[in-house]
Amino acid sequence: MSSSSFAGSDRTLALGLHQDGRRLTPQRRIVLQLFESVGSGKHLSAEDVHHHLLQANSKVSLATIYRTLRLLVSLGLLHELELSEGGHRFELASHDQPDHHHLVCIGCGRTEEFESDSVLEAGRNAAENIGFKLIESTLNVRALCPSCQKQDMNISS
């Protein structure tokens with residue numbers, strides 16, 4: 001990711017924070033830069049972010065990371081994926097691919113994205129039939145990844 005990309009996100013973040021009377025802290029900047037460096041389509045938990053930052057010798061508390069993730073979601077810079085098991089994953093917001101869906105492994109939490117015109121069309125039809133205007137369409141499919149399927153088969157054998 002180029003430094004001009006970081007600068008653009010920093011301006012967006014700084015503007016959003018300024019409107020709320022908040023500052024662009026080094027911790028907020030480094031969390032956003034982590035998501036930009038891993039790219040869109042990567043889903044990280046708060047614990048994943050904490051681990052990555054510790055690996056990079058950045059000392060940011062887990063509590064600060066949780067607050068920063070919520071703030072970045074509220075500013076539209078990150079999307080939050082709420083897992084039915086109670087966990088949360090975050091990904092860089094992408095205007096190139098707003099309508100995408102997720103396969104989520106209920107065993108290990110692995111998350112993969114997919115696109116489906118038929119899912120988008122079903123959402124659009126459902127919204128129109130009730131008089132709603134579709135803003136975005138996302139579907140979360142709970143499943144078992146191949147690794148967890150193998151473990152499940154070994155346990156049940």
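Values quoted throughout were computed directly from the atomic coordinates according to the rules given, and no laboratory measurement underlies them. Just so you know, these numbers come straight off a predicted model, no measurement behind them. Using ideal geometry, Cβ is built from the backbone for each residue, glycine included, and neighbour counts are taken over all protein chains shown.
Values for this structure:
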| quantity | calculated |
| --- | --- |
| Virtual spin-label span in nm between Ala143 and Glu115, 7 Å along Cα→Cβ | 1.8 |
| Which of Leu75, Leu32 has the fewest Cβ neighbours within 10 Å, and the rest in rising order | Leu75, Leu32 |
| Modelled FRET efficiency - R0 22 Å, Arg29 with Glu80, Cβ distances, 0.05 increments | 0.65 |
| Stokes-Einstein D in µm²/s, Kirkwood radius over Cα pairs - the range 97-157 at 20 °C with 1.002 mPa s viscosity | 161 |
